[in-house]
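One structure below.
The values are calculated or read from the model by the stated rules, or taken from the named source; none is laboratory data. What you see is a predicted model, and the numbers here were worked out from it, not measured in a lab. Neighbour counts run over all protein chains shown; Cβ positions are idealised from the backbone, glycine included.
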Amino acid sequence: MNQHALPGMVTAIWIAILLYMCTIVFFVVRGAMKTHSMSDFALGSMQFNPSFLGLSLAASMSSAATFIINPGFVAYYGLSGVLSMAVFLPIGTLVSLAILSKRFRKYGQTVNAKTIAQWMGIRYQSKGFALFFGFLSLLMMAFIVMICVGLTQVVSRSLNLPILPTLIGVVAFTFTYMMFGGANSMVYTNTVQAFLKIIVTVILLGSGYDHFAEGVHGFLNTLIAIDPQLAKPFNASSPLFRDFFEVVICQLIVGTAVVCQPHILTRSLLLKNDKDLNRFLTVAIIALALFFLVVFVGLYARILFPTLSLDGKSIPLDGVMSQFVVSRFPVYIAIVLVLGLISAGMATLEGLIQSLSTTFTSDIIKPLTGNTIIKDSTKAGGIVSELLMNRLVIVLMGLVAIFISYNQLLAPDLSVGIFAQNGVYAYFCGAFVPVLFGIFIKDCPRIAAIGASITAVVIHFSVYYGRLTAYMQNGTRNPGIAASIAIICSLVIGLILYYAFRNKTTITKA
């Protein structure tokens, strides 16, 4: 085994990546030709096949975390990570996705919202609340950083390239093509990526069949021989999977709330007909359930690298999966796997760029500046069109992503996944109760939604940075603990405010 990819593999992967880039550019050009406004960029102007939309959503939800970062946690901490990220998190996520997507689409269409921030503002008749969510969306940049780090790890190890030029190349390519295509191109690029990820998932999960020659017990005995903690349902020595609360309860709560992200809930708004919703969700849920299983491959990686080192050098958690692919597979399979891992990151990155740039442009810049900067077709004034401003925002997002990602590549807190979870979890903690109340309670008082949202954000960061509770005292902190406590407190506060004010103030059902 070698720390670096062999020259023949590097050449083959270069050719494959260039072909992949050409394919993506083809769909981007096709989508860009039909993108003439911010509405086209955010929601698309084309009729999308619901099955393609379902695959697009599955590709977007199963990110570089699922395929690149999380298997590293499993390699480090064993079966407890599999139960946490491949069983209990998906249960919460898939059930929540099926329920919330249907209801959110209904109200999203009614209020004609392009983003969650707009949905919040219209649903609760509060421009201030919409602006609050616009700024809260800035936290989702942490997710973009994680994906950029994961992609850089895969590409740099596969092509034997330095980290910084690789990072700049990844960001420049992805952010540039997303400036022009938006939703019209994203659905098709995501679908291509989803098919690649299905192939990759099957190859990766099947690659360890020989470890089961003596059955499941034989496989577990192999792990026990390396470290007995690897075969236990809870790993007391890990920072994330120590007991029943962390592995089961936290992941069920987080999985339920994680759906409340801008690039997930808004995907159902791309459907043109309600009758397509069931097929869209069925395809998405089946594909997602398969993708979540990829973390199991982290156990294969630990068997291949029992000491988590290679040639005397330790393998960082975020680099386990890319090193496993380069070391374990022959060139022709490694090419497919590398493309699949790249697709895993690109798919979510596209969705985040599309949704966050729309939010920053429409929900922060536009309301704060009126028509002094962004042109309004119905009013005089303005300097640039909303679509051009959106492209400038994407450029700025790319520069910020490079700066923070490089720091995470050099000095992560165990994993960039911890950094990403802290930001992303804070966002959907703040969004969960307002979305839940907004779609299930007819006349929810505005104060109940706002109070619950602020409570969630404050408690999440207080628990995390204040090291509150016994779980947060030492070493790397688990953002899932902070998020779970925040969501529970947010729900309690929201219900208290709802029952206290429901007969005093009413909001017209959106």
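Some points to look at:
- Counting only helices (runs of 4 or more DSSP H) that fall entirely inside the stretch 158-269 and contain at least 3 residues that are in contact (Cβ under 8 Å) with a residue 40 or more places away in the chain and among the polar types (S, T, N, Q), the qualifying elements are 183-206.
- For the stretch 441-459, filtered to residues that are outside any helix (DSSP H, G or I) and closer than 17 Å to Lys127 by Cα, the residue that is modelled with the lowest pLDDT is Cys444.
- Meets criteria (touching a Phe, Trp or Tyr at 6+ places or on another chain (Cβ under 8 Å), in a helix (DSSP H, G or I) and at pLDDT 95 or above) for Ser462: no
- Checking Leu399 against (1) surrounded by 18 or more Cβ atoms within 10 Å (Cβ to Cβ); (2) at pLDDT 85 or above, the condition it does not meet: (1)
- Filter pass, Ile373 being without any contact (Cβ under 8 Å) to a residue 60 or more places away in the chain, more than 19 Å from the chain's Cα centre (by Cα) and surrounded by fewer than 24 Cβ atoms within 10 Å (Cβ to Cβ): yes
- With respect to the stated conditions, Lys366 fails to be in contact (Cβ under 8 Å) with a residue 60 or more places away in the chain, farther than 23 Å from Ala142 by Cβ and out of contact with any His (no Cβ under 6 Å at 6 or more places or on another chain).
- Only one of the numbered conditions (1) at pLDDT below 90; (2) buried (at least 24 other Cβ atoms within 10 Å of the Cβ); (3) within 30 Å of Pro434 (Cβ to Cβ); (4) not polar (S, T, N, Q) is not met by Val254, and that is (1).
- Screening Ala452 with (1) farther than 14 Å from Val254 by Cα; (2) touching a residue at least 60 places away in the same chain (Cβ under 8 Å); (3) crowded, with 22+ Cβ neighbours inside 10 Å gives one miss only, at (2).
- In the stretch 472-489, the residues that are closer than 19 Å to Ile450 by Cα and crowded, with 24+ Cβ neighbours inside 10 Å: Ala483, Ser484, Ala486, Ile487
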